[in-house]
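Q: Mind having a look at this structure? Questions to follow.
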Number of protein chains: 2
Amino acid sequence: MFEAAELGHKIDKATYRRRLPKLREALLSAQSELRELGTFPVVILVSGVDGAGKGETVNLLNEWMDPRAIHTHAFNQRTNDELQRPPMYRFWRKLPPKGSIGILFGSWYTDPIVDRVMRRSTTEMLDQSIGEINRFEKMLIDEGALLIKLWFHLSKQKQEKRLRELEEDPGTRWRVTKHDWKAFAKYDRFRRWSERTLRQTSTGEAPWVIIEGADPEYRSITAGETLLHALRKRLGQRKPKTSLPRATPLAPPIDGIRVLDRLDLTLQVSKTTYAKRLEHLQGKLATLFRAKALRDRTILVVFEGNDAAGKGGSIRRVTQALDARWYHVVPIAAPTEEERAQPYLWRFYRQLPHRGRMTLFDRSWYGRVLVERVEGLCSEADWMRAYGEINDFEDQLVRSGAIITKLWLAISKEEQEKRFEQRQKIAYKRFKITAEDWRNRKKWNAYAAAVDDMVERTSTDLAPWTLIEANDKYHARLKVLETLIAAIERRS
Amino acid sequence: MFEAAELGHKIDKATYRRRLPKLREALLSAQSELRELGTFPVVILVSGVDGAGKGETVNLLNEWMDPRAIHTHAFNQRTNDELQRPPMYRFWRKLPPKGSIGILFGSWYTDPIVDRVMRRSTTEMLDQSIGEINRFEKMLIDEGALLIKLWFHLSKQKQEKRLRELEEDPGTRWRVTKHDWKAFAKYDRFRRWSERTLRQTSTGEAPWVIIEGADPEYRSITAGETLLHALRKRLGQRKPKTSLPRATPLAPPIDGIRVLDRLDLTLQVSKTTYAKRLEHLQGKLATLFRAKALRDRTILVVFEGNDAAGKGGSIRRVTQALDARWYHVVPIAAPTEEERAQPYLWRFYRQLPHRGRMTLFDRSWYGRVLVERVEGLCSEADWMRAYGEINDFEDQLVRSGAIITKLWLAISKEEQEKRFEQRQKIAYKRFKITAEDWRNRKKWNAYAAAVDDMVERTSTDLAPWTLIEANDKYHARLKVLETLIAAIERRS
């Protein structure tokens, strides 16, 4: 794959000086159109061989365009903060919002390739990473991002020559370290594993563009024009057609039996039993949290359920047991403007807890396959792909040490009506009930179908759903605590 | 993922008898519309737990619909013929053509899951297979296929009960073998690794549909209606919009330097040197073919190049050296009607040689990124994704023992003109030159750009491109033989 980038591509300085002003002007105008439009982000990956001019090119791109709408991020060692989250966390956090350009200098490709070169991983592990990258980039593209992948290349001879030249010049000798020669000694392995990775990730939607890095003028103009062409092409498609929805539609079970139908909503617990059990369970939870084993874990608890199913009360029975420094409750409402400018899961990556901490989500990333699906707030293609994206997200979390408990609090339609009416009577609870809540009831069956599909498609060994019979609040609260405790005990 | 399929779904026989006639009628009518339209194939995968009614359902689907346009294939052990080709070969060969339905009973999912269950593979290897499956299914969908993935499930209790019942009945006792109980002992492992696989392959475009298999009436109607809904939905989109072309356009190198420009087309060999070297090289090739090491290999040689670059003559210099039983020359022209009804690479899978044999392709699967691209015979999205698909194809071949040599025979524009004119003068060569050949010359630069991108994107360690300077026929023929011999020596 690197042959074409070993031809000795170059342009002379006069050509460079002649082409540059036009390129800059065109880039600036495309960039401002991008910003005004504000409908998609541009993600530029800058990777490749050391010394092939990656840093210089990134600096130039920043110089040529309006730096206020470019976000450049370099990724080196993971910070302490990042080490406590899944590997992809730091990339998610740095994704550019719609209308702007993000330059990622060192990206999700670096670690998989370098680990294989250094023999810290096997070929199978590399391919596993490649599979994850392909799914992640597909998500970015499905979310509308323009993804441009630039690889800067130098032939072995050229890289060696460059190191020697730097060494011979007393002014630059300090720039060449032992580490550089050590890395150079691995040139062939690096080339080989890079090739495999590029080959398997060069898709029709986001192909790699390989740029020979030896001549500064050539590589800069090439990078700039690649960006310009891609931007112009995309800006020309003002109204991007949505892709063909080729999915098998999810049909409801023909016998009408839903996961939720199998719940025994008559289950109940007496007040005295409740008080005794609650105290016992809360004590147990507090003890668990003090255990050493939990310090390397993060705990995520997802509360979903019918309106008025008692999520808030259940959450309080969990937090009552704990020191406030140990947990964080995140209520999920409509996304903010900042969040709408990012891929769907972005707002949840923001909320991932440190090790040893717990986050309780009052509603969650399942909104897309519940309310957004039922209310038609996103297209069918969007919520259909969300199941897989959510599974990937939770898979990453579990592999980086998270314990995920997902709870659906279920009440009957009659019970909900009773609670709605009660809320309207009690002044301080009245704010909790709106016209929308009554409207939602009309879609009871649509929600039941969405819950069915959600449980079927996202209840996994790693992160199972637990359905909580919640007509009786005492029973529900105890079962929430029991489920959480069992999940922690099983995985710590 | 299997919870919803353990609820004890069932319908009574009366309901079944009531629903069936309507379903059959609707399926038949959808099927005939599919055939008349003839624009896309339907691929149905039938997988899942043993005893969950997979076979029965497949039989029913065949009974309900017009069997002339359904192709059912069961995949068990690979046949001797199939063992000599890449693992995906047998599935490619059985893909249904456009307008028809293919039911694949046991599919590309079986081996990866079973190998992991039996501990013949690691988790990383399973994930590697999953990555390949995802790329393969993406190709199918990009080619327009409607892909329906049905998984028939039974809970552990239900499976055990079923085995016991069969055993207790003297009439069916023979059906339960030791093997069945052995397989049952692995139920939990099977469930676990199936879940992982389904989770990572359930995409927005081709989600898994999990069907509880205990009740025959329920599972049959569910399978039938799933198929019906999917068919109807797709048939409703008469003119499928092509998906958004989000690719970075491939821009030509700004300095105008092409891979082909670096060739020294003045290279030549004298007639006497040629005669001597030719004899030597042909002898060497013949000897190599007799070697034992080659018996487990297949050899593929791709000849591409400018019109009149001398592909035919070079091919003859290779075959002259060999016994006619050892090789097969495949000229690639426009696809036949049968081939047009299949994914692009299908026609090449047909031509894969047995072990110990060689196939010489006079033009090849690179047509899509050469002539089809330049002449606008396919969309940009189609040829852009072809690079990755071709790489995957060759990767599979190499992993199953193939040695791939890819040759581009390059002549100059002037040399081509000379040859065209000569051909027109010589009667028996006149048939070789058409008006189209002259037209193609006008697109010389477009072809040069296509060759550049092709070499850059598909020349890999596993299957590199070799550019042959072919203005001098003697030089070209010798270099072709040398390249082929070196490739065989390196890999045998």
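Q: In region B:108-129, what residues are touching a Ser or Thr at 6+ places or on another chain (Cβ under 6 Å) and under 18 Å from B:A206 (Cα atoms)?
A: Step one: of region B:108-129, the residues touching a Ser or Thr at 6+ places or on another chain (Cβ under 6 Å) are B:109, B:112-113, B:115.
Within region B:108-129, just B:Y109 meets the criteria.
Q: For the condition in the same structural domain as B:P112 (by TED's automatic domain parsing), under 23 Å from B:Q342 (Cβ atoms), surrounded by 17 or more Cβ atoms within 10 Å (Cβ to Cβ) and not small (G, A, S), what is the one hit in B:P87, B:P67? Don't jump to the end; show me each part of the working.
A: Details: B:P67 fails: surrounded by 17 or more Cβ atoms within 10 Å (Cβ to Cβ).
Exactly one residue qualifies, and that residue is B:P87.
Q: In this structure, does B:E36 turn out to be under 30 Å from the mean Cα position of the chain (by Cα), surrounded by fewer than 14 Cβ atoms within 10 Å (Cβ to Cβ) and not in a loop (DSSP other than H, G, I, E, B)? Steps first, please.
A: Details: under 30 Å from the mean Cα position of the chain (by Cα): yes; surrounded by fewer than 14 Cβ atoms within 10 Å (Cβ to Cβ): yes; not in a loop (DSSP other than H, G, I, E, B): yes.
Yes.
Q: Next up: Just to be sure before I move on: is A:S47 of a type in the set (G, A, S), farther than 30 Å from A:D296 by Cβ and away from chain B (no Cβ under 14 Å) in the structure I sent? So that I can check it myself, show each step before the final result.
A: On the way: of a type in the set (G, A, S): yes; farther than 30 Å from A:D296 by Cβ: yes; away from chain B (no Cβ under 14 Å): yes.
Yes.
Q: Something else now. Working only within region B:187-231, note down all residues that are more than 24 Å from B:K10 (Cα to Cα) and of a type in the set (G, A, S).
A: B:S202, B:G204, B:A206
For (1) modelled with pLDDT under 95; (2) assigned to a helix (DSSP H, G or I); (3) out of contact with any helix residue (DSSP H, G or I) (no Cβ under 9 Å at 6 or more places or on another chain), each residue gets a yes or a no:
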position: B:A450; (1), (2), (3): yes, yes, no
position: B:T466; (1), (2), (3): no, no, no
position: B:Y474; (1), (2), (3): no, yes, no
position: B:I485; (1), (2), (3): no, yes, no
position: B:R490; (1), (2), (3): yes, yes, yes
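Q: Somewhere in region A:462-481, is a residue more than 24 Å from A:K284 (Cβ to Cβ) and of a type outside the set (K, R)?
A: First pass over region A:462-481, keeping only residues more than 24 Å from A:K284 (Cβ to Cβ): A:471.
So of that shortlist, the ones also of a type outside the set (K, R) come out as A:471.
So far as region A:462-481 goes, yes, one or more of its residues are more than 24 Å from A:K284 (Cβ to Cβ) and of a type outside the set (K, R).
Q: Looking only at residues in region B:218-231 that are over 17 Å from B:K149 (Cβ atoms) and within 9 Å of chain A (Cβ to nearest Cβ), which one is surrounded by the most Cβ atoms within 10 Å (Cβ to Cβ)? Quick ask: steps written out before the conclusion?
A: Let us first name the residues in region B:218-231 that are over 17 Å from B:K149 (Cβ atoms), namely B:218, B:220-221.
Retained after the next criterion (residues that are within 9 Å of chain A (Cβ to nearest Cβ)): B:218, B:221.
Working: B:Y218: 24, B:I221: 21.
Looking at the filtered set, the residue picked out is B:Y218.
Q: Using the structure shown, decide if A:D215 is buried (at least 16 other Cβ atoms within 10 Å of the Cβ), charged (D, E, K, R) and away from chain B (no Cβ under 13 Å).
A: Details: buried (at least 16 other Cβ atoms within 10 Å of the Cβ): yes; charged (D, E, K, R): yes; away from chain B (no Cβ under 13 Å): no.
No, not satisfied.
Q: Here is a further query. Quick check on region A:390-414: of everything there that is of a type in the set (S, T, N, Q) and assigned to a helix (DSSP H, G or I), which residue is farthest from the other protein chains (Cβ to nearest Cβ)? Please lay out each step first, then the result.
A: Just the residues of region A:390-414 that are of a type in the set (S, T, N, Q), to begin with: A:391, A:396, A:400, A:405, A:412.
If we keep only those that are assigned to a helix (DSSP H, G or I) as well, we get A:391, A:396.
On the way: A:N391: 5, A:Q396: 12 Å.
Among those residues, the one meeting the criterion is A:Q396.
Q: Suppose we filter region B:1-30 for residues that are free of Cβ contacts under 8 Å to residues at least 60 places away in the same chain and within 10 Å of chain A (Cβ to nearest Cβ); how many remain?
A: 1
Q: I need the full set of residues from region A:355-389 which are of a type in the set (S, T, Y), under 27 Å from A:D81 (Cβ atoms) and either modelled with pLDDT under 90 or assigned to a strand (DSSP E or B) (or both), in order please. Even if it seems obvious, please write down each step before you answer.
A: To start, the set of residues in region A:355-389 that are of a type in the set (S, T, Y) comprises A:359, A:364, A:366, A:379, A:387.
So of that shortlist, the ones also under 27 Å from A:D81 (Cβ atoms) come out as A:359, A:364, A:366.
Within region A:355-389, just A:T359 meets the criteria.
Q: Please indicate, with yes or no, whether at least one residue in region B:149-162 is modelled with pLDDT under 90 and of a type outside the set (S, T, N, Q). Can you show your working first?
A: First, the residues of region B:149-162 that are modelled with pLDDT under 90: B:162.
Still in the running and of a type outside the set (S, T, N, Q): B:162.
Looking through region B:149-162, at least one residue is modelled with pLDDT under 90 and of a type outside the set (S, T, N, Q).
Q: Then there is this: For the list (1) within 29 Å of B:W151 (Cα to Cα); (2) of a type outside the set (V, I, T); (3) assigned to a helix (DSSP H, G or I), I need the number of the one condition that A:E436 fails.
A: (1)
Q: Additional query: With the condition kept exactly as written, say whether any residue in region B:464-485 is in contact (Cβ under 8 Å) with a residue 60 or more places away in the chain, over 24 Å from B:L140 (Cβ atoms) and within 11 Å of another protein chain (Cβ to nearest Cβ).
A: Residues of region B:464-485 in contact (Cβ under 8 Å) with a residue 60 or more places away in the chain: B:466-478, B:480-485.
Add one more test, that the residue is over 24 Å from B:L140 (Cβ atoms), and what stays is B:466-478, B:480-485.
Pick out the ones that are also within 11 Å of another protein chain (Cβ to nearest Cβ) and you get B:466-467.
Checked region B:464-485: at least one residue is in contact (Cβ under 8 Å) with a residue 60 or more places away in the chain, over 24 Å from B:L140 (Cβ atoms) and within 11 Å of another protein chain (Cβ to nearest Cβ).
Q: Hey, A:A52 hits all of (1) surrounded by 22 or more Cβ atoms within 10 Å (Cβ to Cβ); (2) over 15 Å from A:G213 (Cα atoms) but one; which does it fall short on?
A: The one condition A:A52 does not meet is (2).
Q: Follow-up question, since we're still on this one. Residues to consider are A:L300, A:L352, A:L322; find the one that is in contact with a Pro (Cβ under 8 Å, 6 or more places away or on another chain) and in a loop (DSSP other than H, G, I, E, B).
A: Numbers: A:L300 fails: in a loop (DSSP other than H, G, I, E, B); A:L322 fails: in contact with a Pro (Cβ under 8 Å, 6 or more places away or on another chain).
Within the list A:L300, A:L352, A:L322, the selection yields A:L352.
Q: Taking B:E421 and the conditions (1) charged (D, E, K, R); (2) modelled with pLDDT of 85 or more; (3) surrounded by 14 or more Cβ atoms within 10 Å (Cβ to Cβ), which numbered condition does it fall short on, given that it satisfies the others?
A: (3)
Q: Looking at (1) within 14 Å of chain B (Cβ to nearest Cβ); (2) in contact (Cβ under 8 Å) with a residue 40 or more places away in the chain; (3) surrounded by fewer than 17 Cβ atoms within 10 Å (Cβ to Cβ), which one does A:R93 not meet, given that it meets all the others?
A: (1)
Q: Can you name every residue in region B:85-124 that is basic (K, R) and more than 15 Å from B:H73 (Cβ to Cβ)?
A: Let us first name the residues in region B:85-124 that are basic (K, R), namely B:85, B:90, B:93-94, B:98, B:116, B:119-120.
Those that are basic (K, R) and more than 15 Å from B:H73 (Cβ to Cβ): B:R85, B:K98, B:R116, B:R119, B:R120.
Q: Restricting to region A:98-148, count the residues that are more than 14 Å from chain B (Cβ to nearest Cβ) and among the polar types (S, T, N, Q).
A: 3
Q: I would also like to ask the following. Please determine whether any residue of region A:261-269 is among the hydroxyl-bearing types (S, T, Y), under 26 Å from A:I411 (Cα atoms) and touching a residue at least 12 places away in the same chain (Cβ under 8 Å). Quick ask: steps written out before the conclusion?
A: Taking region A:261-269 as the starting set, the residues that turn out to be among the hydroxyl-bearing types (S, T, Y) are A:266.
Keeping just the survivors that are under 26 Å from A:I411 (Cα atoms) gives A:266.
With touching a residue at least 12 places away in the same chain (Cβ under 8 Å) added as a condition, the list becomes A:266.
Yes - at least one qualifying residue is present in region A:261-269.
Q: Tell me which residues, restricted to region A:188-210, are in contact (Cβ under 8 Å) with a residue 60 or more places away in the chain and either more than 9 Å from chain B (Cβ to nearest Cβ) or assigned to a helix (DSSP H, G or I) (or both).
A: Those that are in contact (Cβ under 8 Å) with a residue 60 or more places away in the chain and either more than 9 Å from chain B (Cβ to nearest Cβ) or assigned to a helix (DSSP H, G or I) (or both): A:R189, A:F190, A:R191, A:W193, A:S194, A:E195, A:R196, A:T197, A:L198, A:R199, A:Q200, A:T201.
Q: Same structure, new question: Can you find a residue that is out of contact with any Leu (no Cβ under 6 Å at 6 or more places or on another chain), part of a strand (DSSP E or B) and aliphatic (A, V, I, L, M) anywhere in region B:43-61?
A: yes
The values are calculated or read from the model by the stated rules, or taken from the named source; none is laboratory data. Everything numeric in this text was worked out from a predicted model, so none of it was measured. Cβ coordinates were reconstructed from backbone atoms using ideal geometry, including for glycine residues, and neighbour counts include every protein chain displayed.
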